[in-house]
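Single-structure report; data block below.
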There are 2 protein chains.
Amino acid sequence: MTKINRAACIGGGVIGGGWIARFLLAGIDVKVFDPHPDAQRIVGEVLANAERAYAMLTGAPLPARGQLTFTASLEEAVADADWIQESVPERLDLKRGVLNQIDAAARPDALIGSSTSGLLPSELQRDMRHPERLFVAHPYNPVYLLPLVEIVGGEKTSAETIRAAMERLVPIGMKGVHIAKEIEAFVGDRLLEALWREALWLIRDDICTVETLDDVIRYSFGLRWAQMGLFETYRIAGGEAGMRHFLAQFGPCLAWPWSKLTDVVDLDDALVEKIGRQSDEQAGGRSIRELERIRDENLVGILQTLKGGDGGNGWGAGKLLKDFEDGLWAEGGKRDTLHDTARPLTLVETKVSPAWVDYNGHMTEHRYLQVFGDTSDALLRLVGVDLAYVRDGHSYYTVETHIRHLGEAKLGQPIHATCQILFADDKRLQVFHTIHNSETGEAIATAEQMLLHVDSKAAKAMPAPEIILNRIMAIAGAHATLPPPEGVGRHVGQKRQG
Amino acid sequence: MTKINRAACIGGGVIGGGWIARFLLAGIDVKVFDPHPDAQRIVGEVLANAERAYAMLTGAPLPARGQLTFTASLEEAVADADWIQESVPERLDLKRGVLNQIDAAARPDALIGSSTSGLLPSELQRDMRHPERLFVAHPYNPVYLLPLVEIVGGEKTSAETIRAAMERLVPIGMKGVHIAKEIEAFVGDRLLEALWREALWLIRDDICTVETLDDVIRYSFGLRWAQMGLFETYRIAGGEAGMRHFLAQFGPCLAWPWSKLTDVVDLDDALVEKIGRQSDEQAGGRSIRELERIRDENLVGILQTLKGGDGGNGWGAGKLLKDFEDGLWAEGGKRDTLHDTARPLTLVETKVSPAWVDYNGHMTEHRYLQVFGDTSDALLRLVGVDLAYVRDGHSYYTVETHIRHLGEAKLGQPIHATCQILFADDKRLQVFHTIHNSETGEAIATAEQMLLHVDSKAAKAMPAPEIILNRIMAIAGAHATLPPPEGVGRHVGQKRQG
């Protein structure tokens, strides 16, 4: 899998900022050129949102953040980049000018993606010297969470460019879909535009309000479309009779007056004002920042849910997240060898996710055990019990856990977990984990756990192989010199010492 | 809140079956008339899907399932019903005939809803003697999980009928939205039809395949629409500039050639065959049953995620689920007084949810603690520590937990949890929970927990009030005569007895 080494972003608004966040969080250095006076502030805000979301989205080890540099010229930004993303305003003449400038200053083998949501790549590449490496890479807002990128080539775009672009999106957690023929607005915005035009008629004609229309979407087909699209949903609706039979029934409906789209609505001042007023009522005083926060937290939760879909195999955007995390774990495992074993190991760093809190905004009981489980998993990867080892039929199973709650963690709270090995032999591994408030260092909860090395098919304990044991014993030996943690060896209800 | 007491369903296909499941699972008796020879089988299948989904969706105490009766005549089905739902095929003459028959046989005060997805209520009610109680109640498939019901009145429908219909949907977990004016296809199917027509063009013109089009939806705006609709999403996109400014920019775009909807596609045999073939490829051999299972599990997870949205307050369809569960808990609390205290209390019965399993299909470690936490919550409600008590600023907090894993639970596995009180005084409550495989009775895991009664604002332990203590002591006294559970008082790593 070929990766992007150095990225350049020309234009750093909300969309450009989203691309910048994707690159930086995947460990890629980014040079940005945007002469707008607010560019650094806007990019900073998008990046802060993205980092907040990622901290909740995944417990997998993110690489060290790439370096962000704002340059004084476009040429400086693109000079050594191998992926250049153009996200300037949606005007053909402006985009053409910028792309020609990029074309002249970039390495000849650099890939050049345009974020345009509607202009044809053939038009964009018309005057370029190396037009074969120009393509549309159209993302969706928020770019740091929504994985879709529509990849569209123009007449002069090479097949190799399309292939290379699709491949390079995978390590940054995105889903490239190749649109076979270029048309204005591609596929996603075509569908949105159709629905949008119909929606405008419904509001104009007072069939419903903005809030009712949104409710109709989010209480019904919106819930379906987070996981399956239009056709797969209809396939199910068709049932045993099959897709073809189902479609054949649809034919006559197309002649029914079920759409006003054969006319185009006049979006005049009165309609703009009506929608604006209804939208204000719907928002109920929530600010854009607040709505963004809610949207991102919901997206994080939906993506995590779909990661567990299809019986734990992952489904749709959740499968993509799972694949992305597998890659992070594989990379993170390599970095894990650098731990200092003279003190408890810091193995997990995260923030309290929106899915983890109760109605009081406090982290719920079982989410502590989730973080402790992640801590054990991180220790196991460190000693060589990685995905490949587990898939091969061996693992450590937790047989016993003792948890103490000493404090509370709230939504968004940065926390980290440390691990001290208490005891180990060929089958047993006894550990003591502590979850800390990362701002104060204070211990919020502790867990003592006993794990057994098992043959997972036989579900029986068996000795761990020497290569794993040696690594465990090296840490256990170093930890044997540490004082026993406070609270070790307790049973429930035992009086506290001291 | 007025509830439905007795429901009748005329027509028991996939949609009628979904309504039947909603009613039965909310504890409402349903009489069904459907002369189709397969009606009982189809309703049975939908009901089985619904029960499977509900068991995963909520841990709240569902009422005893309502009684399902298939009648030999329409008249018998509707005679004593207070909500009659018509779900016969989508033909005006057929629906009119059935509705007139219902009208003649029903109580004059019964509400009559039609599941039509497009016919006008004024047309449907034309020949009825009591047309004022006829309305459209248009649901979305799967009716047992998607909450939306479009409520549409005709010229003769009374305002009181609309009000009563909206109110009665709440206790069955549905979201009624009132569509202000009747038009063919109402709001949801208008929007779907617009998108559908555009999609057909995109496939016909080979812009993309069925799978690509579905991917475009589910990797981008589908993820947004599960939680917010079209306008609220655009409100965010508009940012600080505001909704009106954002809309004003849209005006010119409406004149762009961004939709082919001004023509109507010819859904001829060739296009039907093309879509059928591409849909087969996309399904990759998965059966409709399998796709239904995946869809329902994803919907369950998305609804649960949104329940935790907005910092634990619930958002959109998740807020609705939360309200529905609050109602179930309030009802369930009343039933909880009937427990037999001479043995450990059975407090939780559930199935292993899709969000709970790892890639091996086994229930993950922290989900055991989730079930143990639910068990403690159920005990607390039983002794009077309910939502109102907690909101009032007092609660029991878990301070210590000891878990033993003795077996495994797999996806869909029915499990139940029992509780034995070990010790209690004015502040402390020590319990021993066991999760059992409900098929074999075998213990899969145990948890010993110490809870403290607290003033939650001060986050300090304080004595529980007498009314709560008396209930705890009554159970604790009865449980004192039981033998101590195997595994009680263990610390991690202790040798097993015997």
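The values are calculated or read from the model by the stated rules, or taken from the named source; none is laboratory data. No experiment lies behind these values; they were computed from the predicted model shown. In this analysis, Cβ positions are derived from the backbone assuming ideal geometry, glycine residues included, and neighbour counts consider all displayed protein chains. Just the protein is used for accessible areas: all its heavy atoms, side chains included, with ligands, DNA and RNA removed. Shrake-Rupley method; radii C 1.70, N 1.55, O 1.52, S 1.80 Å.
In this label model, B:H245 and B:D340 are separated by 7.0 nm, measuring between points 7 Å along each Cα→Cβ vector. Magnitude of the charge dipole for chain A, about its Cα centre and with charges confined to Cβ atoms of Lys, Arg (+1) and Asp, Glu (-1), is about 1300 debye.
Using alpha carbons only, how many degrees (0 to 90, rounded to 10) separate the axis of helix B:14-25 from the longest principal axis of chain B? Approximately 30 degrees, to the nearest ten. Rounded to the nearest 10 degrees, the inclination of helix A:188-204 to the longest alpha-carbon principal axis of chain A is 70 degrees.
Straightening the chain between A:E331 and A:D358 buys 6.4 nm, computed as 0.36 nm per residue apart minus the Cα-Cα spacing. Working from label points 7 Å from Cα in the Cα-to-Cβ sense, the B:D205 to A:A72 distance is 4.7 nm. Take every Cα pair under 8 Å whose residues are at least 6 apart in sequence, average their separation, divide by the length of chain A, and the relative contact order is 11 percent. Of the trypsin sites (Lys or Arg not before Pro) in the stretch A:38-99, the ones in a loop by DSSP (not H, G, I, E or B) with at most 14 other beta carbons within 10 Å are A:R91. Mean per-residue shielding of peptide A:176-183 is 5, counting Cβ atoms of other chains within 10 Å of each Cβ. At a Förster radius of 51 Å, what calculated FRET efficiency corresponds to the Cβ-Cβ distance of B:E90 and B:A237, to the nearest 0.05? Efficiency for this residue pair is about 0.90. Inter-label distance, A:D426 to B:A458: 5.7 nm, where each label sits 7 Å from its Cα along the C-beta direction. Size descriptor for the stretch B:287-327, Kirkwood hydrodynamic radius: 10.6 Å (Cα pairs only, one decimal).
Of the heavy-atom accessible surface of the stretch B:83-175 (probe 1.4 angstrom), what whole percent is carbon and sulfur? Carbon and sulfur atoms account for 53 percent of the accessible area of the stretch B:83-175. How tilted is helix B:92-105 with respect to the longest principal axis of chain B? Cα atoms for both, answer in degrees (0 to 90, nearest 10). Approximately 50 degrees, to the nearest 10. Counting Cβ atoms of other protein chains within 10 Å of each Cβ in B:198-204 and taking the mean gives 5.
Across the options A:L94, A:I42, A:P108, the greatest Cα extent toward the positive end of the charge dipole of the stretch A:33-108 (unit charges at beta carbon of Lys, Arg, Asp, Glu) belongs to A:I42. Dimensions of the protein assembly as shown based on its C-alpha atoms, expressed as ranges along the principal axes with the largest first, amount to 81, 80, 50 Å. For the stretch B:364-467, the list of trypsin sites (Lys or Arg not before Pro) that fall in a loop by DSSP and count at most 13 other C-beta atoms within 10 angstrom reads B:K457. Along the stretch B:450-464 the Karplus relation, 6.51 cos²θ - 1.76 cosθ + 1.60 evaluated at θ = phi - 60°, assigns HN-Hα couplings of 10, 10, 10, 6, 10, 8, 6, 5, 6, 6, 10, 5, 8, x, 6 Hz to successive residues, with x for each Gly and Pro.
In this structure, the pairs whose alpha-carbon distance is over 20 Å, taken from A:K175/B:K410; A:K175/A:K322; A:K319/B:K307; B:K322/B:K457, are A:K175/B:K410; A:K319/B:K307; B:K322/B:K457. Summary for B:T481: label point 7 Å along Cα→Cβ; distances to the equivalent points in the other copies, ascending, 6.0 nm. For the stretch A:365-498, the relative contact order is 25 percent, taking Cα pairs closer than 8 Å that sit 6 or more residues apart in sequence and dividing their mean separation by the residue count. Placing R0 at 35 angstrom, the Cβ-Cβ distance between A:R286 and B:R286 gives a FRET efficiency of 0.30 after rounding to 0.05. How big is the antiparallel share of DSSP beta bridges in the protein assembly as shown, given as a percent to the nearest 5? DSSP beta bridges in the protein assembly as shown are roughly 65 percent antiparallel.
Loop-located trypsin sites (Lys or Arg not before Pro) across the stretch B:117-184 with a Cβ neighbour count of 10 or fewer within 10 Å are B:R129, with loop assigned by DSSP. Across the stretch B:423-473, C-alpha contacts under 8 Å between residues 6 or more apart give a mean separation that, scaled by the residue count, equals a relative contact order of 34 percent. Averaged over peptide B:404-415, the number of partner chain Cβ atoms lying within 10 Å of each residue's Cβ comes to 2.
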